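Below: one structure, written as C-alpha cells.
The values are calculated or read from the model by the stated rules, or taken from the named source; none is laboratory data. Everything numeric in this text was worked out from a predicted model, so none of it was measured. Cβ sites come from the backbone with ideal geometry, for glycine too, and all protein chains shown count toward neighbours. Keep in mind that these areas ignore ligands, DNA and RNA; they rest on the heavy atoms of the full protein, side chains included. Shrake-Rupley method; radii C 1.70, N 1.55, O 1.52, S 1.80 Å.
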Amino acid sequence: MTATPLSLRPQLTLKAKFFRIALLMGVLLGALYAGMQLGEYRKEKWESSHFARQKNQVQSLQQQVDAVQKSQALVSQQLTVVGAERDALKRELTALQQDFAITRETLSFFESLLQSNDRNRSASFVACELQTSSVDRLRYRLLLVQGTDKTTELAGRLFVSLQYQLAGKKQQLTANTQGASIAVAHYHRAEGEFELPVGATGPLVMEVRFVEPEGSKVLASCQKKI
C-alpha cells in the first residue's frame with residue numbers, strides 16, 4: 001500500500017487573520033468611496049446641465065416678454081396717433097359742416113335775389129330753420145331778404161313764436177327779441193333759442209312775422225313745423 005503524502009499548511013496567526021480582514025475592509029471602503037465620488041460627479045454634472053437649460057429657457061422667455069412689450073408700446077403709440085388723427089378729422093368735419101351751412105344759406109340768399117321777379121314784394125324769408133339743439137332746447141335761424149328793386153333800408157319789427165302741446169293743451173313761447181325793431185339793408189340774419197318746459201310735446205310749430213314799424217301789416221312771414 002502507498003501512503004497518502006502529507007500536506008502541510010501554515011497555520012495563520014490571529015494577527016494575520018486581523019490584517020487580512022482589515023485589508024479586505026479597506027478595499028471595500030475604497031470601492032464604496034470611489035462609487036460615491038463618481039455618483040456625486042455625475043449629479044453635479046447633471047445639475048449643471050439642467051441649470052444651463054433652465055437659464056436658457058428663462059432667457060428665451062425674457063426675450064419673448066421684451067418683444068411683446070415692444071409690440072404693445074408700438075401698438076399703443078399707433079393708437080395714440082390714430083386717436084389724434086380721428087379727433088382732428090372730427091374737428092375738420094365739424095368746421096366743414098358749419099361752412100356748408102353758411103354756404104347753403106348764402107346760396108339760398110343769392111338764388112332768391114336772382115329768381116325774384118316780384119317788384120311789389122318788400123321782403124321775404126329765404127331761410128326759416130328750426131332744429132333741436134338739446135333735449136329741451138330748439139334753435140332757430142332766419143334769413144330775411146329785401147325785395148329786388150329796393151334800394152333803401154326797410155324798417156320793421158320781428159315776431160318769432162313757437163307753439164307746442166302741454167297736458168293736451170296748446171301753448172306758446174315767444175322769442176326774447178319778440179317785437180324787436182330791425183332795419184333790413186338787402187338782408188338780415190336772426191337766430192336764437194326756445195327753452196321748452198318739462199312735459200312739452202309736439203307738434204312744434206314756429207311762426208315768424210316781419211311787420212311794419214308802427215302797424216300790423218305783415219311784410220314777410222314763414223312757418224316751420226317739426
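Residue by residue through region 175-216, note down the ones that are in contact with a Gly (Cβ under 9 Å, 6 or more places away or on another chain) and of a type outside the set (Ser, Thr, Tyr).
Ala175, Asn176, Ile182, Ala183, Val184, Phe210, Val211, Glu212, Pro213
So, in region 127-140, of the ones that are open to solvent by 50 Å² or more (accessible area, probe 1.4 Å) and either of a type outside the set (A, V, I, L, M, F, W, C) or assigned to a strand (DSSP E or B) (or both), which residue ends up nearest to Phe210 (Cα to Cα)?
Arg139
Which ones in region 133-153 are farther than 12 Å from Gly192 by Cα, modelled with pLDDT of 85 or more and under 28 Å from the mean Cα position of the chain (by Cα)?
Residue satisfying the conditions is Asp136 alone.
Scan (1) hydroxyl-bearing (Ser, Thr, Tyr); (2) under 19 Å from Ser181 (Cβ atoms); (3) out of contact with any Leu (no Cβ under 9 Å at 6 or more places or on another chain) for the single condition Ser161 breaks and write down its number.
(3)
Out of everything in region 192-217 that is touching an Asp or Glu at 6+ places or on another chain (Cβ under 9 Å) and open to solvent by 70 Å² or more (accessible area, probe 1.4 Å), what residue ends up being modelled with the lowest pLDDT?
Filtering region 192-217 for residues that are touching an Asp or Glu at 6+ places or on another chain (Cβ under 9 Å) and open to solvent by 70 Å² or more (accessible area, probe 1.4 Å), the one modelled with the lowest pLDDT comes out as Val198.
Looking at region 82-106, which of the residues that are of a type in the set (D, E, K, R) and modelled with pLDDT under 80 is most open to solvent (accessible area, probe 1.4 Å)?
Within region 82-106, the match that is most open to solvent (accessible area, probe 1.4 Å) is Arg104.
For region 146-169: of the residues being open to solvent by 30 Å² or more (accessible area, probe 1.4 Å) and in contact with a strand residue (DSSP E or B) (Cβ under 6 Å, 6 or more places away or on another chain), which is farthest from Leu130 (Cα to Cα)?
Taking the candidates together, the pick is Glu153.
Only one of (1) under 26 Å from Arg121 (Cα atoms); (2) hydroxyl-bearing (Ser, Thr, Tyr); (3) without any contact (Cβ under 8 Å) to a residue 60 or more places away in the chain fails for Tyr164. Which number is that?
(1)
Let's see how each residue does on (1) in contact (Cβ under 8 Å) with a residue 24 or more places away in the chain; (2) farther than 22 Å from Thr152 by Cβ:
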position	(1), (2)
Gly179	no, yes
His188	yes, no
Gly202	yes, yes
Val205	yes, yes
Phe210	yes, no
Gly215	no, no
Leu219	yes, no
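Leu143: aliphatic (A, V, I, L, M), open to solvent by less than 40 Å² (accessible area, probe 1.4 Å) and out of contact with any Leu (no Cβ under 9 Å at 6 or more places or on another chain), yes or no?
Taking the combined requirement at face value, the residue satisfies it.
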